[in-house]
Every structure is written in C-alpha cells, then in structure tokens.
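In what follows, a single structure is set out as structure tokens and then discussed.
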Amino acid sequence: MPVETLSIRNRSAIGRFPTGTLALEDPDKVKPDKKWTCSTWVRQCCQSCCCWHKKADVDGTDTTNDTGSIGMKDALLVVCSIDLLKSNKEQNRLEHHTDRYRNENLIIRRGQTFQMLIELSRAFNPKTDKLHLDLKLGNLPDVSKGTHVIVSLVEDLQDNCWEAKIVEQKGKRIKLSVNSPPTAAIGKYKFCVATSSPMGEAMSPYSPDNDIYMLFNPWCEDDSVYMDNEEERKEFVLNDMGIIYYGTDSQIGDRPWNFGQFDKDILPACLFLLERSGAPASGWGDPINVVRLLSAMGNQSLERYTQDFLDLYYLVPYENGVVMRCLGIPTRCVTNFESAHDTDVSLTTDVYLDENYEPIEELNQDSVWNFHVWNDCWMARPDLPEGLGGWQVVDATPQETSQGVFRCGPASVRAVRNGQVYLKHDTPFVFAEVNSDKVYWQRTADGTFTPVQVKKKAIGRCISTKAVGSDDREDITHLYKYPEDSEEERIAVETACKYGSKAGIYDVSTVNDVTIYITMDGEEPQLGADTKLAIVVKNTSSEVRTFNLHGQVVVMYYTGVYKATVKKDQIPVELQPNEDETVEWCLRYDDYKNQLVDQAMLMLTVTGRVNETKQVLATQFRFRLRASDLVIKPEGDAVVGKEMKVTVDFRNPLKQTLKNVKFRFEGLGLQSGREVSYGDICSFGGWATETSSVTRLPSATSGAWKRRHHCQTNFLENNLDDFRARMKFQRGIQDCNLLCFTKTSLNPTVRHAIKPDKFTTWKEYQSW
C-alpha cells in the first residue's frame with residue numbers, strides 16, 4: 001500500500017515531531033472493531049516517548065502490532081537515565097584518586113578516561129542513531145574557547161582530546177568510556193546527553209546531580225602538574241594533614257595543620273573562588289593562571305578584615321594551600337625565617353642609621369620578618385626558558401603589588417636560586433625575601449647616606465617544609481640559594497642587583513677586623529622569666545680596639561612591625577690584639593611583662609663604631625619566649641569504635657592569675673568543637689588538669705592508608721598564645737585529629753597594657 005505523507009501545513013496536527021511520517025490507512029479498510037481514542041492517537045504519533053512504551057525485548061524489537069505504526073527501531077531516541085558511577089567506592093573515583101572527597105557529584109581528573117552508563121528509550125543503532133555528550137563550563141560557555149565541549153562517539157579512543165566510545169551495550173543500556181585532554185579547563189561542568197535519530201533530536205534535561213568536577217591530574221604525564229614520584233603525590237596532593245613552622249631560625253616551632261581539602265563543600269568553595277575572580281573559564285586549564293588568580297583572591301580576603309589582620313595574615317597562606325591541593329596541584333607549605341620585605345625594588349634590605357648610629361624609624365621601610373609562609377606549587381613552565389619548571393613560589397600575602405594587584409607568583413625556585421630576577425612572575429620580590437643582602441646606611445653631614453656595612457648571611461635562613469612521608473622538618477634552603485658566601489651565591493646576588501634600584505653598593509671600603517654576633521646558649525628563654533643572651537666580639541687585628549655598643553630590644557609582631565621598645569643600654573668594650581670577649585646581656589621579666597604580643601617575639605639590635613678604624617658594627621638577633629608545655633596524656637588505647645579519654649595538663653608560668661580559662665576540643669574526623677570552662681589558674685606555678693572524652697573513633701574504610709592521628713592543644717590569648725602540645729597514635733584508618741584550645745584572660749588591670757594598637761585584645765581562632 002502506498003504511503004501518504006501529511007503536508008507541511010497539516011503536520012502540526014500530529015504533535016511535536018513534524019519530521020515524522022505516518023502511514024494513513026485506507027478508510028475503507030479500517031477494521032470496525034478498532035476504537036480510535038485520544039490516547040490511541042497519541043501513542044501512534046509519539047511512539048518515542050518512554051512512558052507509552054510497553055517493555056521491549058532485549059534486542060529492542062517492538063512487541064506491539066506493527067500494523068499502522070512505526071517500529072521501535074525507528075522511534076525517536078531519548079535518554080531515560082544517566083549513571084555517572086560517581087560513588088566514592090566505584091571505579092571512576094578510585095581510579096582518579098578522588099574517592100576521599102566528601103561530595104556526591106562525579107569528580108575526575110583531566111587526561112584520564114572515566115566511565116558512565118546511559119539508559120535509552122530503545123536500543124542504540126550505530127548505523128542510524130547518533131549520540132554526543134554536552135559539557136558546559138562557566139557563565140558564557142563557548143565551543144571556540146573550549147568551555148562548551150561536544151564529545152562525539154568514536155571507534156577507538158585517542159589521547160589528548162575529548163572523545164567517547166561505547167564499550168558495552170545491553171539492550172537499551174550502553175556503557176561509555178570517555179576521555180578528556182590533559183589541557184582541559186578545570187571546574188564544574190554542566191552535563192547533558194544529546195541524541196539524534198531519523199525521527200529527530202533530543203537532549204536530556206539538565207540536573208545539578210550530573211554536574212562533573214574536573215581537576216588537575218598529577219598522575220597524567222601530559223598534564224603540566226605531573227609529578228612522577230608516587231610518595232610525593234601522596235604527600236603534596238592527597239595528604240590532608242601537614243605541619244607548619246614558625247618562630248625564629250634559632251627557635252623553630254611546629255604545629256599540625258589540617259588542610260581538610262576533602263571535606264564537604266570545600267571543592268565547590270574552591271571553584272567559587274575562581275568564578276568570583278572574574279577571569280574567563282577558558283583560562284582555568286593553565287595552572288600558572290589558576291595559582292596567580294588564587295594568590296590575588298587570598299589578598300582580597302585580607303582587605304575585608306582589617307581588625308583581625310594578624311590572624312588572617314597568618315592563616316591565608318595555609319588556606320591557599322588547601323585550595324591548590326583540592327584542585328589537584330601538588331603543593332607544600334614553606335616557611336622562610338629571617339624573611340625580607342623589599343619595598344623599593346632595590347633587591348637589598350636597607351637599614352638607615354643617623355650620625356649617632358641610631359635607627360631612623362621613618363626611613364626604615366624595609367623589614368625583616370621573623371618568618372614568612374608561602375606555598376610551593378609543582379608545575380611545568382613552558383613560558384620560561386627550559387629547565388625552570390618544578391617548584392614555583394606562590395605567595396598569597398606578599399604586601400606588594402604585581403601588575404596592580406596584591407599577588408605574587410608563580411616564581412620559579414630555580415630562577416630565584418640563580419638570581420634570574422628578570423623572569424616572571426615576581427621573581428625579584430621572592431629573591432629579596434630569601435637572598436638579599438642586608439645593607440646598613442649612615443647619614444652624613446650633608447644629608448646623604450653612605451653604605452657602612454653589608455651583611456651577606458642575614459636574610460633567608462632555615463627555609464623549611466614538612467618532609468615527605470614523615471613529620472620531620474626538611475630544610476630546603478639549598479633549593480632557593482647556593483651555600484652562603486660561595487662563588488655561585490655571590491654571582492647570583494650580584495646578577496640580581498644589576499636589575500635593582502641600588503646597583504653598585506658593594507664597594508664598602510673599610511677595615512673589618514672586628515666581628516660581632518649574638519648567641520643564645522643553653523635552654524630557650526622562658527616566658528615569665530629573665531632572658532639571657534651573649535654578645536660575642538672578636539678583634540682579629542694586632543692592635544687594641546675600643547668601642548661602645550648600643551643595645552636596644554623591641555617587642556615586635558612576627559611580621560617585623562615594632563610594637564614597643566622595652567630596653568636600651570650602652571656597653572663599653574676594649575679588646576686587646578687577637579682577643580675575643582663575651583658580654584652577658586640580660587632582659588628582665590619586668591621589662592617586657594606588659595608589652596608582649598602574639599608569639600612573644602623580641603629583637604635585640606646592637607650597633608657601634610670602632611674608634612681606631614671607624615669600622616661600623618651592627619647586628620640584630622630575633623628570639624621568642626617559650627611558653628610552658630601543655631601535656632596531653634591518653635588514658636588507655638585508641639580502639640576503633642570506642643571512646644578515648646585524654647588528659648591535658650598545663651602550668652601557669654606567670655606571676656599573675658589567669659582568669660576564665662576555657663579548653664576547646666576539636667577533632668578532624670572525630671568530633672566538632674566543644675568548649676569546657678575550667679576557671680582560674682593561680683599565679684606562677686598553678687596547675688590545671690582537664691580530662692575529655694573523644695567521640696568514638698571511626699571504623700576503618702576499605703582501601704584506607706595507615707595514617708597518623710594527632711591530639712593537640714593550643715593556648716590562645718595575647719600573652720599566652722604559644723602553649724601547645726601534640727600526641728600521636730596510629731591506626732589503619734583515615735586521618736583523625738584532636739585539637740584542644742584554651743582561652744584565658746588576664747586581670748582587668750593588665751588588659752589595656754597588652755592590647756596592641758589598632759587590634760582587639762581577644763582573638764577568635766576558628767582554625768589554624
């Protein structure tokens with residue numbers, strides 16, 4: 001029987017698929033017992049709709065009568081369901097090392113295949129049907145910019161491109177293996193599936209549950225963040241516990257840090273930062289651009305919180321490390337002791353003295369921080385000369401602008417080591433932080449300044465990071481600069497200074513036969529007690545040398561900002577030929593007790609001038625006062641599924657009562673924050689003991705590593721914020737950590753004395 005096709009004018013009568021054709025039966029041959037109702041007509045015209053189908057055979061053949069209808073094999077192809085295999089126990093998350101993210105969406109790494117299951121309205125016919133995946137990134141997805149990705153089916157998967165292949169087909173269900181290029185932009189992709197058949201085209205409805213999170217892939221050799229050592233990948237990408245270092249180069253303290261990059265909502269929050277940056281999503285595939293954006297975003301957060309500046313300034317570098325690890329960029333926290341802040345691009349750290357060798361505070365804009373923290377990120381640098389990839393410095397708190405924005409990096413660590421300050425990004429600033437010379441300038445009678453001394457080993461000491469696979473401190477100073485005063489190191493410094501604003505400062509012509517330095521013998525100075533240091537002077541000449549030493553000690557923030565001068569003195573010295581002398585110097589508790597700020601940092605500056613040769617003597621020594629130890633003692637063993645009790649002991653070292661002591665317990669993977677009020681602790685020698693129960697330790701999960709677990713305490717108050725302790729135990733489960741914070745107040749008469757200018761007395765630490 002010939003088939004009659006409806007005219008275009010009348011096609012609207014059969015619903016939404018005008019391209020379909022219907023075989024119109026001869027009216028004279030219509031069976032009288034066949035009743036045509038509305039539902040019958042819809043089923044005849046819209047056979048592609050899943051809800052009207054009776055169950056089809058496995059091969060997809062229609063079980064209904066073929067008379068007067070279109071066969072299932074010719075019906076419109078529609079997606080009925082999508083299974084992205086996104087459980088953290090399934091193949092995708094395990095193979096992509098994303099099984100620890102507490103997120104219900106599919107999380108994958110670029111440059112690596114992943115699987116999905118798609119159920120269709122009928123069996124897929126590769127001869128007549130087509131199917132492609134549709135992924136959209138950002139607010140304005142564009143195919144030409146790589147933010148609107150159309151993934152077509154191919155016979156064989158190739159590398160370095162978006163593609164998909166049917167690897168299994170059972171009836172109406174197909175399994176796809178999908179590949180992404182190692183240069184794909186990271187972010188949250190909106191995902192849909194498009195189908196087409198002779199009957200027309202269809203697109204699956206968008207669902208947030210099907211959003212796909214794409215991350216950098218340090219396991220992929222073609223990814224620019226590729227790292228070839230598995231132990232390093234575990235440490236710098238997968239480890240959510242770290243250690244950060246603080247203090248001074250002679251008194252290095254450490255504390256645990258919970259990165260928490262796998263916690264709930266952390267990944268969406270990290271991608272939200274990228275979206276808020278305003279940068280186009282097409283640039284999110286380049287880790288150089290991404291870390292530069294994150295550095296700028298970290299500084300923007302500081303601008304909104306001026307009152308709690310110190311807390312945030314200390315916190316931001318570590319939070320930035322959380323973001324970069326979360327996005328898949330290998331990252332480590334680095335602490336640089338005696339870290340310089342060059343404010344005039346001279347690539348030197350300048351100290352200005354008046355005619356009497358007193359520091360000129362209004363001119364001393366350069367500063368030296370007791371310590372400064374940034375992140376090293378691992379990536380290739382195709383924008384730099386060959387060999388400068390690897391670790392890159394990214395500083396989220398640089399305090400100097402880069403192209404008009406407060407940010408720093410990425411700067412190649414190798415370029416910093418070689419003094420190649422002309423290479424991007426912000427290498428001059430990083431070089432000055434770790435390897436600038438400290439130059440002392442003296443004002444002359446006509447108002448000009450002359451360099452009188454150059455300290456070549458004063459800046460960039462004990463650059464530290466957590467060692468791979470252990471809690472040891474690793475000194476990585478040798479990665480940032482050659483051995484001090486070696487020929488290679490001097491060449492690097494002089495090369496860098498050629499590009500600075502004060503070239504040619506090394507011609508300091510003076511006799512240097514007297515040396516001076518400060519040491520701290522024995523135990524570290526204790527908070528609440530007198531502090532003793534030793535000033536060592538040595539005469540290497542064959543003649544007598546006489547001079548006066550001017551000493552000044554100041555209380556300072558760890559950033560190098562002075563808070564108050566607490567002592568000044570003058571010491572006459574006479575040295576016989578080839579004689580050395582040790583001058584005992586003492587700082588009494590009464591001198592500093594009402595002036596301390598966070599971390600109890602102080603700096604002693606000693607200057608002088610040799611009468612016989614006019615040689616200028618100058619040196620500075622930073623130190624901090626060590627607080628009493630907090631001791632955490634476990635009661636019994638740590639057993640999976642059972643509570644564990646810990647006891648915290650603390651001794652008050654001060655000659656004043658601590659008021660309203662509170663213990664705060666917190667544990668990553670154990671329990672949320674909980675405060676316990678203790679009361680007062682009497683002065684000098686008073687003890688406090690607090691026992692707390694830790695919630696049941698979680699059960700081991702399949703495939704979990706044997707990890708270390710931490711129990712730690714911290715004392716958070718202006719005068720007493722350095723009390724901390726840590727207990728470790730091991731179990732074959734994921735990280736669990738217990739933190740205990742204490743918060744105290746001193747007598748009301750003391751509060752105003754310890755309150756820093758423009759800062760609140762009380763600290764609210766949400767986390768470290």
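The values are calculated or read from the model by the stated rules, or taken from the named source; none is laboratory data. Since this is a predicted model, take the numbers as computed values, not measurements. Glycine gets a Cβ as well: all are built from the backbone with ideal geometry, and neighbour counts include every protein chain shown. Keep in mind that these areas ignore ligands, DNA and RNA; they rest on the heavy atoms of the full protein, side chains included. Shrake-Rupley method; radii C 1.70, N 1.55, O 1.52, S 1.80 Å.
For the range 525-551, give me each residue that is open to solvent by less than 50 Å² (accessible area, probe 1.4 Å) and under 27 Å from Q656 (Cα atoms). Within the range 525-551, P525, L527, G528, A529, T531, L533 meet the criteria.
Looking only at the range 423-445, how many residues end up being within 21 Å of S412 (Cβ to Cβ), open to solvent by less than 10 Å² (accessible area, probe 1.4 Å), in contact with a strand residue (DSSP E or B) (Cβ under 7 Å, 6 or more places away or on another chain) and of a type outside the set (G, A, S)? I'd like the intermediate steps shown before the answer.
Keep residues of the range 423-445 that are within 21 Å of S412 (Cβ to Cβ), which gives 423-436.
Of the ones still in play, those that are also open to solvent by less than 10 Å² (accessible area, probe 1.4 Å) are 427, 430-436.
Now restrict to residues that are in contact with a strand residue (DSSP E or B) (Cβ under 7 Å, 6 or more places away or on another chain): 427, 430, 432-434, 436.
Subset that is of a type outside the set (G, A, S): 427, 430, 433-434.
Selection size over the range 423-445: 4.
Looking at E386, E319, E358, can you tell me which residue is free of Cβ contacts under 8 Å to residues at least 12 places away in the same chain and either at positive phi or acidic (D, E) (or both)? So that I can check it myself, show each step before the final result.
On the way: E319 fails: free of Cβ contacts under 8 Å to residues at least 12 places away in the same chain; E358 fails: free of Cβ contacts under 8 Å to residues at least 12 places away in the same chain.
Step by step, each of E386, E319, E358 is checked, and only E386 is free of Cβ contacts under 8 Å to residues at least 12 places away in the same chain and either at positive phi or acidic (D, E) (or both).
Of all residues in the range 389-422 being in contact with a His (Cβ under 7 Å, 6 or more places away or on another chain) and in contact (Cβ under 8 Å) with a residue 60 or more places away in the chain, which is surrounded by the most Cβ atoms within 10 Å (Cβ to Cβ)? The selected residue is P410.
Residues checked against (1) among the hydrophobic types (A, V, I, L, M, F, W, C); (2) surrounded by fewer than 17 Cβ atoms within 10 Å (Cβ to Cβ); (3) without any contact (Cβ under 8 Å) to a residue 60 or more places away in the chain:
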site	(1), (2), (3)
M203	yes, yes, no
E221	no, yes, yes
M241	yes, no, no
T248	no, no, no
D254	no, no, no
W257	yes, no, no
L271	yes, no, no
S277	no, no, yes
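Just checking: which of the strands (runs of 3 or more DSSP E) contained wholly in the range 453-559 hold 3 or more residues that are touching a residue at least 40 places away in the same chain (Cβ under 8 Å)?
Values: elements: 461-466, 473-475, 514-519, 531-539, 545-556.
Because the criterion is at least 3 residues that are touching a residue at least 40 places away in the same chain (Cβ under 8 Å), the strands (runs of 3 or more DSSP E) in the range 453-559 that meet it are 461-466, 514-519, 531-539, 545-556.
Selection of the range 351-384 for residues being buried (at least 18 other Cβ atoms within 10 Å of the Cβ), of a type in the set (A, V, I, L, M, F, W, C) and either under 18 Å from Y245 (Cβ atoms) or under 35 Å from the mean Cα position of the chain (by Cα) (or both) yields V351, V368, W369, F371, V373, W374, C377, W378, M379, L384. Only one of these conditions is not met by H341: (1) in contact with an Asp or Glu (Cβ under 7 Å, 6 or more places away or on another chain); (2) surrounded by 24 or more Cβ atoms within 10 Å (Cβ to Cβ). Which number is it? It is condition (2) that H341 fails. In the range 89-114, the residues that are on the phi < 0 side of the Ramachandran plot and in a strand (DSSP E or B) reach residues that are open to solvent by 20 Å² or more (accessible area, probe 1.4 Å) and charged (D, E, K, R) with C-beta atoms within less than 7 angstrom, at least six apart or across chains, in these pairs: L106/K86.
Conditions (1) modelled with pLDDT of 95 or more; (2) hydroxyl-bearing (S, T, Y); (3) touching a helix residue (DSSP H, G or I) at 6+ places or on another chain (Cβ under 8 Å); (4) open to solvent by less than 20 Å² (accessible area, probe 1.4 Å), marked per residue:
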position: D83; (1), (2), (3), (4): yes, no, no, no
position: R93; (1), (2), (3), (4): yes, no, no, yes
position: H96; (1), (2), (3), (4): yes, no, no, yes
position: Y101; (1), (2), (3), (4): yes, yes, yes, yes
position: L117; (1), (2), (3), (4): yes, no, no, no
position: D134; (1), (2), (3), (4): yes, no, no, yes
position: K145; (1), (2), (3), (4): no, no, yes, no
position: I150; (1), (2), (3), (4): yes, no, yes, no
position: V154; (1), (2), (3), (4): no, no, no, no
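If you check L602 against the conditions, is it modelled with pLDDT of 80 or more, in a strand (DSSP E or B) and more than 32 Å from the chain's Cα centre (by Cα)? So L602 does not fit the description; no.
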